[in-house]
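First up is the structure itself, then whatever we jot down about it.
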Amino acid sequence: MTVRLRVAPSPTGDPHVGTAYMSLFNLAFVRQQGGQFILRIEDTDRARYVEDSERQIFETLRWLGLEWDEGPDKGGPFGPYRQSERLDTYAPFVKQLLESGHAYYCWCSPERLAAMREEQQRAKRPTGYDRLCYGKTREERALLPGFAETPVVRMLIPDDVSLTFTDLIRGELSAPRPDDQVIVKGDGFPTYHLAVVVDDHLMGITHVVRGEEWISSTPKHLLLYDWLGWERPAFAHMPLLRNTDRSKISKRKNPAARLLWFREQGYLPEALRNFLALMGYSMPDGEEVFSFEEMVAAFDWSRVNPVGPVFDLTKLDWLNGHYIRTLTSSDLASRMLPYLQEAGMVADPPLSEAKALLAAATPLVQERIALLSEVVPMLGFLFVSDDAFAVEPEAAAKALGEPGRPVLVAALAALEPLSEWRADAIKEALEVALVGGLGLKPRLAFTPLRVAVTGRTISPPLFESMELLGRERSLKRLRAAST
Ligand code: GLU
């Protein structure tokens, strides 16, 4: 059997980190088994549809290296892969369910349903549809109050519905008894529950891997498979990612719920992949740093821990720093460049010069940064135009002014006559003048220089920074800070 798995995000905003998490685990199994991975866009909820969301889903999953074999932009033998383009597909199955008595029309107005629910809650009875419409023709129902012209279609959940099923991660599971689920809405669109079953079946999906929030829906889906005479797929419900306070990760509360946030912050796709893999998953040897290929080779559902993994960004920062250090210097430079561009820092000098400067400066920060975006505070002083260069006010208050001035004056006197503007020569001249001459401790001696030249108290190594900045620009900044 060829396995076919899918991820089925809804385009309701910028992509959620959960979509990447699901894609990663789907894909690990698919690649191990040599099957296909399908991207399906579940866009039948028109009220929550967001225009640009689909493009962002494609872009962020690709950025993460989680490529699909079939999907809306790629096509494939089971398309279309957007539910809104499949609306005709569902109608015959709805008809079949209505005719076999497994589904029925419901004309209850939203107001009637709300009143019914309120009444049930007041009476402390279980809430659920009271089947007022069941067994009635339109004409019969129209005589009763709370009638809406356009009906919905509901599943007739039998009394003896089986509530248990086997999950690849969790073993035997049981879900609460479902209500008579709506499968076609008043606007004629299928609900998620119908569309997901029909599409998964028609697309030949063999394993449904999704978030644990869908566990309670699975018995309804299984009924639909049975009623339509279809083979059931296997199910694996992944744990929900949690904040450190164990609440569910949501875009409202945690910026890291947005997949785009990771790229904005300067995380590497390989680090984020490794991090997401660690969420609930452990390698047989307990190793925490591993590649996607290693995960694929060792993948096993039984190694997924269903207890909600905590999204610990300190761990991600550590992993990201680790991966940054494994990159070649030129790879790191080209990955940092967009952050400087984004910050508007490479217009002057021109791009080719900026690239050469960045290539030379990259070794100075490779060991020191955890995020690609740190290139901006760390190396920005090299790229910013002299007119725009400014010392950070807190750094100026700490190191410049009266106490810093004699140090800067002595440094200028030592540097101006230097014949060669190289880090080792700069170091030697400054040590002689400041540590030897003024008798200062090195840290005290060099802080005002660092602040004057880089604008910050934290920077790459000072002498190398000055070499890269060049004689004229360095001296100019020292002079400006000493007056
Ligand atoms: N559209 C659903 C979601 O975004 C898919 C759930 C499923 O995988 O069945 O959560």
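The values are calculated or read from the model by the stated rules, or taken from the named source; none is laboratory data. Because the structure is predicted, anything quoted here is derived from the model rather than measured. Backbone-built Cβ (ideal geometry, glycine too); neighbour counts: all protein chains shown.
Scanning segment 13-23 for residues that are within 8 Å of the ligand (Cβ to nearest atom) and of a type in the set (S, T, N, Q) yields a single hit, Thr19.
For segment 143-151, does any single residue satisfy the condition of being farther than 25 Å from Phe78 by Cβ, at pLDDT 95 or above and crowded, with 20+ Cβ neighbours inside 10 Å? No, segment 143-151 contains no residue that is farther than 25 Å from Phe78 by Cβ, at pLDDT 95 or above and crowded, with 20+ Cβ neighbours inside 10 Å. The criterion of at least 3 residues that are modelled with pLDDT of 95 or more and under 19 Å from the mean Cα position of the chain (by Cα) is met by the following helices (runs of 4 or more DSSP H) wholly inside segment 261-326: 269-278, 313-326.
Just one of the listed residues (Leu163, Leu168) is of a type in the set (A, V, I, L, M) and within 16 Å of the ligand (Cβ to nearest atom), and it is Leu168.
Could you please find all residues in segment 183-195 being touching a strand residue (DSSP E or B) at 6+ places or on another chain (Cβ under 7 Å) and away from the ligand (no atom under 16 Å from the Cβ)? Listed by number, the residues that qualify are Val184, Gly186. For first residues located in segment 81-106 and closer than 21 Å to Met203 by Cβ and at pLDDT 95 or above, partners that are part of a strand (DSSP E or B) and hydrophobic (A, V, I, L, M, F, W, C) and lie 6+ apart or on another chain with Cβ distances below 6 Å form the pairs Arg82/Ile41; Val94/Val153; Val94/Val184; Leu97/Ala103. Of all the numbered requirements in (1) buried (at least 18 other Cβ atoms within 10 Å of the Cβ); (2) touching a Lys or Arg at 6+ places or on another chain (Cβ under 6 Å); (3) at pLDDT below 95, Thr127 misses one, and that requirement is (1). Checking each residue in segment 196-246 for being within 11 Å of the ligand (Cβ to nearest atom) and free of Cβ contacts under 8 Å to residues at least 24 places away in the same chain picks out only Trp214.
Of the residues Arg177, Arg154, Arg210, Arg232, which is at pLDDT below 95 and either touching a strand residue (DSSP E or B) at 6+ places or on another chain (Cβ under 6 Å) or closer than 27 Å to Met22 by Cα (or both)?
On the way: Arg154 fails: at pLDDT below 95; Arg210 fails: at pLDDT below 95; Arg232 fails: at pLDDT below 95.
One residue alone meets the criteria, Arg177.
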